[in-house]
Amino acid sequence: MIEGVGIDLVHLERVRRFYNNHKDSLSRFLTPQELRAIAQSKKKSLLALLFALKEAVFKALDYHWMNWKEIEIIHEGRRSWRVNLSGAMRKWARNRRIKQIIVDGSITSKHAFAYAMALKGKT
């Protein structure tokens with residue numbers, strides 16, 4: 001059963017400016033695995049997509065405070081993503097009986113778009 005849905009749209013130019021001005025502070029928002037994925041990616045727009053995916057998960061969970069690093073987005077291949085939650089975000093999802101979070105996104109010439117569905121399991 002769907003417990004929540006989240007969507008987000010990020011302007012690529014805004015993320016590019018953020019990256020150029022604050023690239024040394026990315027570790028405040030991204031996990032080590034996410035940082036490695038960005039460094040290895042041929043698409044520099046991956047950062048924008050990760051921000052959009054994280055924000056969509058946050059909205060799908062209907063959580064009122066967000067620690068960006070407690071939502072980890074793992075790219076597992078072409079259009080295949082896995083969400084790892086940790087800390088308070090994991091506890092929040094567990095208390096709400098969220099068993100799975102499905103995410104996907106797309107990048108256009110100007111935007112990164114993402115959606116997330118939080119699926120509730122039986123107890």
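Numbers for the structure displayed
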| read-out | value |
| --- | --- |
| Condition check for residue 82: not aliphatic (A, V, I, L, M) and not in a strand (DSSP E or B) | no |
| Filtered residue count, the stretch 81-93, keeping only those that are farther than 16 Å from residue 31 by Cα and either in contact with a helix residue (DSSP H, G or I) (Cβ under 8 Å, 6 or more places away or on another chain) or crowded, with 17+ Cβ neighbours inside 10 Å (or both) | 2 |
| Residues of the stretch 30-49 classified as under 20 Å from residue 88 (Cα atoms) and buried (at least 17 other Cβ atoms within 10 Å of the Cβ), total | 3 |
| When residues of the stretch 8-59 are limited to those that are of a type outside the set (D, E, K, R) and not in a helix (DSSP H, G or I), the one farthest from residue 112 (Cα to Cα) | 31 |
| Residue check, residue 72 in contact with a Lys or Arg (Cβ under 8 Å, 6 or more places away or on another chain), assigned to a strand (DSSP E or B) and in contact (Cβ under 8 Å) with a residue 24 or more places away in the chain | no |
| Restricting the stretch 85-123 to residues that are among the basic types (Lys, Arg) and not in a strand (DSSP E or B), the residue that is farthest from residue 3 (Cα to Cα) | 110 |
| Residue 85 in contact with a Ser or Thr (Cβ under 7 Å, 6 or more places away or on another chain) and either small (Gly, Ala, Ser) or farther than 20 Å from residue 9 by Cβ (or both) | no |
| Single match in 29, 58 (criterion: in contact (Cβ under 8 Å) with a residue 40 or more places away in the chain and more than 16 Å from residue 4 (Cβ to Cβ)) | 29 |
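Residues checked against (1) buried (at least 18 other Cβ atoms within 10 Å of the Cβ); (2) modelled with pLDDT of 95 or more; (3) not aliphatic (A, V, I, L, M):
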residue: 27; (1), (2), (3): no, no, yes
residue: 62; (1), (2), (3): no, no, yes
residue: 79; (1), (2), (3): no, no, yes
residue: 95; (1), (2), (3): no, no, yes
residue: 104; (1), (2), (3): no, yes, yes
residue: 118; (1), (2), (3): yes, yes, no
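The values are calculated or read from the model by the stated rules, or taken from the named source; none is laboratory data. As the structure is a computational prediction, the values presented were derived from the model and not from experiment. Neighbour counts are summed over all protein chains in view; Cβ atoms, including those assigned to glycine, are modelled from backbone coordinates with ideal geometry.
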